[in-house]
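Visitor: This is the structure, below, for whatever I ask next.
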Amino acid sequence: MQNESDSMVWPRYSLAQRVLHWLVAVLVLGAVGLGGTIGWFGFEGLQARFGEATTNTIYTWHKSFGVLVLALMLVRIGLRIRRGKPGYAVDLARWQRVGSEAVHGLLYVLLIAMPVIGWWGTAAGGYPVQLGPLILPGLFPENEAFSETLFAWHQALGRVTLILVLGHVVAALYHWRIRRDGVMQRMTFGRGRS
């Protein structure tokens, strides 16, 4: 276990990268929570339990969060290419670096693929693709059977994303509270010290 002095300033991502990380995190939690609610009750179950207006609101918010995640992830990729990432204050074991890169890479892929698949599935099902009150282009012809396939993939990828997010959070807490090695501080605000 590494202990650095309290006066150490940790390497950090740029402010824009940190803000985007936390915005995406909040949106992903919202989208996964709403998606889980949709998956649990189904459309008819939501309508029976909460009524038509609330059901429509849940779907609109889920779709809106997904569209926002997609847009912000594209910006994040651009920033990552342009600004890179900070080094580590304390060397990590090879397995930790490889695991970190694999989880981050998969999260980036999933957080692009899931909204795109959801967008296509929505359009193929003949439903509006929404960002709040705005109706976006469907970008895919209507095809009910294909819509069902896309939504099955969307749901499966949602479960994988949830598992990866939980692993990401556990690893961040491990580095922050147990190792205290500055890994968590690369993405936080505040003073940037231990």
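Read-outs throughout are calculated quantities, based only on the coordinates presented, and are distinct from any laboratory measurement. Keep in mind that this is a model prediction, so the values were computed, not measured. When we count neighbours, we look across all protein chains shown, and the Cβ atoms used for this are built from the backbone with ideal geometry, even at glycine.
Visitor: Using a 10 angstrom cutoff on alpha carbons, build the Gaussian network for the chain and name the most mobile of TRP176, TRP22, TRP95.
Guide: The residue that fluctuates most here is TRP95.
Visitor: Could you tell me the distance between the Cα centroids of the range 121-172 and the range 14-61, to the nearest Å?
Guide: Using only Cα atoms, the two centres lie 11 Å from each other.
Visitor: Ranking MET187, MET73 by Cβ neighbours within 10 Å, fewest first, what do you get?
Guide: Working: MET187 16, MET73 22.
Listed from fewest to most nearby Cβ atoms, that is MET187, MET73.
Visitor: In vacuo Debye scattering of the range 15-187, one point per C-alpha: log10 I(q)/I(0) at q = 0.10, 0.20 Å⁻¹?
Guide: Calculated log10 I(q)/I(0) at the listed q: -0.44, -1.36.
Visitor: Explain nothing, just the number: relative contact order of the range 15-187, from Cα pairs under 8 Å at least 6 residues apart, as a whole percent.
Guide: Relative contact order here is 23 percent.
Visitor: For ARG80, ARG177, what ranking results if the residue with the fewest other Cβ atoms within 10 Å of its Cβ goes first?
Guide: On the way: ARG80 16, ARG177 9.
With the fewest neighbours first, ARG80, ARG177 line up as ARG177, ARG80.
Visitor: A further question follows. Please find, in a Gaussian network model of the chain (springs between Cα atoms separated by less than 10 Å), the residue of GLY125, GLY99, GLY158 whose mean-square fluctuation is greatest.
Guide: The residue with the greatest mean-square fluctuation here is GLY99.
Visitor: Non-local amide H neighbours of VAL129 (under 5 Å, H modeled in plane, Pro and chain starts lacking H): which ones?
Guide: LEU136
Visitor: OK, next. Within 13 Å, Cβ to Cβ, of ARG97, how many net charges do the neighbouring residues add up to if Lys/Arg are +1 and Asp/Glu are -1?
Guide: Once all neighbours under 13 Å are counted, the net charge is -1.
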